[in-house]
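The values are calculated or read from the model by the stated rules, or taken from the named source; none is laboratory data. All figures in this text were calculated on a predicted structure; none of them were measured in a lab. Don't worry about glycine lacking a Cβ; one is built from the backbone with ideal geometry, like all the others, and counts go over all protein chains shown.
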Amino acid sequence: MSLPLGDPRTIGPRIRMMMPHLTPLEGRVVDMILGRRDFGETTSLKAVAEDAGVSEAMIVKIAKKLGFDGFKDFRAGLAGYNRLPTTELHEELSPDDTDAEIARKVFRTSVHALEETLAILDPEALERAADLIFGARQRDLYGVGGSAQIARDVAHKLLRIGVRTSVFDDTHMMLMSASLLGEGDVAIAFSHSGASTAVIEAVELARRRGARTIALTNYATSPLASVADVVLCSTAQGSPLLGENAAARIAQLIIFDAVFAAVARRDLKAAARRRSAISPRPWVPSPASGAAHDCFGSSRRRGGRQPSLRHHGRRAGPSPQGRDGHRFRLAAEIRRQGRQPGGRGGEGRRRCTHGGRRGRR
């Protein structure tokens, strides 16, 4: 996946995507540079090297590892990125923040992630992903941990328009699934880091079996991205408390909202028909029985009230427990009529009067 070099909105995502390829020392230098609010086109190489405690040659080397021609190219790109209004959306959380300030910062960080993810989103990759999902015979989704929850959300979206999928979050189950895939099938992998071994192995096996593969990750240069046919990337700026996953999760869900809409657009009539088929139906009278049935399986007489059942002097209303509620009402009616269920020959139980006499069986 290549990012447009001329768009300043992609500078931050490009740097973050390359961070896993840096050494710990190089990563600390980049974090220091990104944290400088005064970094601009007039910032000198010497000043940056002194602040970071490394040599000028090290700064130039880091700039080239990040994909820039040198320090001047890196400085110009980062200065343009820092001037963007969306850059100010991301704010670090502080122990002194009030709850209202924390909420504002968390929301703004998510908005920032969505803006930058939209800037780097590859329309061609999204179109190819929608085509593969729409035309696939079998669609298996792989993810572990938090990524598995995103996979389940995607499966839920697709099922609403009649596109059936299977979600696997266990290492052995993913490999079993991948071994049964073939031509005409698609495997969709979810991994924030793109380095989850279980997911990567399943995707590699699915490809060897002839299936097409789609990857959703936060790093375009990750091992998962290198083995997938189609790569969809999110991006999010992390924080010490929230990390990257919190904001990236929102961006990844929105990416597949777009994929879902693109899949539905390929056959709008069928999608609408399937959605209406699974929509919850309202309570309606039953013409055959003359009674109306609610969602709990109880019935009401047409145009009237429910039969009055009493239990310990109180009206027994409908219970939200479904069949248990029906049994409760049935037992109350049996007690009212003085019969005991399960009795021999349908006979009632013995009843005692206030005088203590024992009645007939």
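Of everything in segment 66-87 that is surrounded by fewer than 15 Cβ atoms within 10 Å (Cβ to Cβ) and at pLDDT 85 or above, the residue that is nearest to Arg36 (Cα to Cα) is Lys72. Looking only at segment 39-58, decide whether some residue is among the basic types (Lys, Arg) and either buried (at least 16 other Cβ atoms within 10 Å of the Cβ) or at pLDDT below 90 (or both). Checking segment 39-58: not a single residue is among the basic types (Lys, Arg) and either buried (at least 16 other Cβ atoms within 10 Å of the Cβ) or at pLDDT below 90 (or both). Checking the structure you have, find out if any residue of segment 92-107 is touching a residue at least 24 places away in the same chain (Cβ under 8 Å), under 30 Å from Leu205 (Cβ atoms) and under 20 Å from the mean Cα position of the chain (by Cα). No: segment 92-107 contains no residue that is touching a residue at least 24 places away in the same chain (Cβ under 8 Å), under 30 Å from Leu205 (Cβ atoms) and under 20 Å from the mean Cα position of the chain (by Cα). Within segment 274-283, restricting attention to residues that are surrounded by fewer than 12 Cβ atoms within 10 Å (Cβ to Cβ) and either of a type in the set (Asp, Glu) or outside any loop (DSSP other than H, G, I, E, B) (or both), the residue that is modelled with the lowest pLDDT is Ile278. Regarding segment 88-101, can at least one residue be identified that is β-branched (Val, Ile, Thr) and either at pLDDT 90 or above or in contact with a Lys or Arg (Cβ under 8 Å, 6 or more places away or on another chain) (or both)? Checked segment 88-101: no residue is β-branched (Val, Ile, Thr) and either at pLDDT 90 or above or in contact with a Lys or Arg (Cβ under 8 Å, 6 or more places away or on another chain) (or both).
The residue list Glu115, Glu127 contains one member that is within 30 Å of Ala228 (Cβ to Cβ), under 24 Å from the mean Cα position of the chain (by Cα), at pLDDT below 90 and among the acidic types (Asp, Glu), which is Glu115. Of all residues in segment 131-150, those satisfying the criterion of being surrounded by 23 or more Cβ atoms within 10 Å (Cβ to Cβ) and touching a Ser or Thr at 6+ places or on another chain (Cβ under 8 Å) are Arg139, Asp140, Leu141, Tyr142, Gly143, Ser147. Determine, yes or no, whether Gly27 is buried (at least 16 other Cβ atoms within 10 Å of the Cβ), under 26 Å from Pro223 (Cβ atoms) and at pLDDT 80 or above. In short, no.
Look at (1) surrounded by 15 or more Cβ atoms within 10 Å (Cβ to Cβ); (2) in a helix (DSSP H, G or I) and you find that His172 fails only one, number (1). Residues that are more than 20 Å from Leu232 (Cβ to Cβ) and either among the hydrophobic types (A, V, I, L, M, F, W, C) or in a helix (DSSP H, G or I) (or both) within segment 112-137 are absent altogether.
Tell me yes or no: at least one residue of segment 148-170 is touching a helix residue (DSSP H, G or I) at 6+ places or on another chain (Cβ under 8 Å), over 22 Å from Ala130 (Cβ atoms) and of a type in the set (Ser, Thr, Tyr). No, because not a single residue in segment 148-170 is touching a helix residue (DSSP H, G or I) at 6+ places or on another chain (Cβ under 8 Å), over 22 Å from Ala130 (Cβ atoms) and of a type in the set (Ser, Thr, Tyr).
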